[in-house]
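A.B. asks: First, the structure itself, so that you have it in front of you.
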Amino acid sequence: MQRAGYVVWSVALLSLALPGKARAQDPDSLPAVEAGDSTDDRSDGWQDDLDTTETRPHVVRRRGEGNPYLREVRRAPARRRSGAWAGGSFGIGGEAIAAPGSLTPWNQSRLAPTLSIGVGGTVGSALRLGLEGFVWFNPDGDVLETVSAGMITGRVYPFRTSGLWLKSGFGLGRYGQDEIDNCGCGTALVSDYGFAWTVGAGFESPVGHGLWLGPSVEMLRMNVTGPDGYRERVITVGLSLTFDGND
């Protein structure tokens, strides 16, 4: 009887232990464990990602070449001066005379309008040559006082992309006092001639198709020779306008 009780208790304990052990070994209850080749799969995918990443091509740069990764920005070409030209200027000039034996080199300047016109051609894009006429005029009642000159001139543009110009020229000048009649005819009261030359500078900017406008400053000198010789000087500040028909 005691042995039968021992068997019953053994069976009961065994029945309680077996379900727990079965549950512990149940694959559904076990934590998921990655397969041995899952690490390799992830590694292969990571490697594929690296392989598909864009890389810059290797570029061999030679000395003096620009950076191939920088976008080249081109400037618009500067407007060029070329061909035949015609122009003129209008301004205010101060006229002065230096007479022989004078205690002062020049007498007091007198202001009056000035006008100049010219035509010519362009050599390359940096030099304009032409013929120009200049006049300083001072009307006084029926008498018109003038300083005029006809000259061969040249304008040099030292910077290709800039409108700065330098000017020089030479020719024949005249100082005159002319009496104007009612009919518009003139009678010369004084008429003196001499060698004339000019220097100047200015700046011009394009304002239209082949049209250039800008300020200028010039000095005209004239030497009248002879027993009663003297020197004339006119310094002009004005506005110049040039047309060459090119854009």
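The values are calculated or read from the model by the stated rules, or taken from the named source; none is laboratory data. Keep in mind that this is a model prediction, so the values were computed, not measured. All Cβ positions, even for glycine, are placed from backbone atoms using ideal geometry, and neighbour counts span all protein chains on display. With ligands, DNA and RNA removed, areas are computed over all heavy atoms of the protein, side chains included. Shrake-Rupley method; radii C 1.70, N 1.55, O 1.52, S 1.80 Å.
A.B. asks: For region 81-194, what is the per residue volume of the convex hull drawn over the alpha-carbon atoms, in cubic angstrom?
C.D. replies: Output value, Cα hull per residue: 136 Å³.
A.B. asks: So what are the ³J(HN,Hα) numbers for region 118-123, from phi and the Karplus equation (6.51, -1.76, 1.60; θ = phi - 60°), rounded to whole Hz, Gly and Pro as x?
C.D. replies: Values per residue, Gly and Pro as x: x, 9, x, x, 10, 9 Hz.
A.B. asks: Region 129-198: which chymotrypsin sites (Phe, Trp or Tyr not before Pro) are DSSP loop and have at most 11 other beta-carbon atoms within 10 angstrom?
C.D. replies: Answer by residue number: PHE159.
A.B. asks: Search the structure for amide H atoms under 5 Å from the amide H of GLY163, placed 1.01 Å from N in the peptide plane, and list their residues when 5 or more places away or on another chain.
C.D. replies: Counting only residues 5 or more places away or on other chains, the set is GLU204.
A.B. asks: Next question, about the same structure. Answer rounded, prolate or oblate for region 151-228, using the Cα gyration tensor with square roots of eigenvalues a ≥ b ≥ c: rounded when a/c is under 1.5, else prolate when a/b is larger than b/c, else oblate. Present the calculation step by step, with values, prior to reporting the outcome.
C.D. replies: Working: a/c = 4.20, a/b = 1.82, b/c = 2.31.
Since a/c reaches 1.5 but b/c is at least a/b, the shape of region 151-228 is classed as oblate.
A.B. asks: At 0.36 nm per residue, and after removing the present C-alpha to C-alpha distance, how many nm does the segment from ALA99 to ILE117 gain when stretched out fully? Write down the numbers at each step before the final one.
C.D. replies: Details: separation 18, 0.36 × 18 = 6.48 nm, distance 2.91 nm.
Answer, rounded to one decimal: 3.6 nm.
A.B. asks: As a test question: what accessible area, to the nearest 10 Å², does MET219 have when a 1.4 Å probe is rolled over all protein chains in place?
C.D. replies: Probe radius 1.4 Å; accessible area of MET219 about 50 Å².
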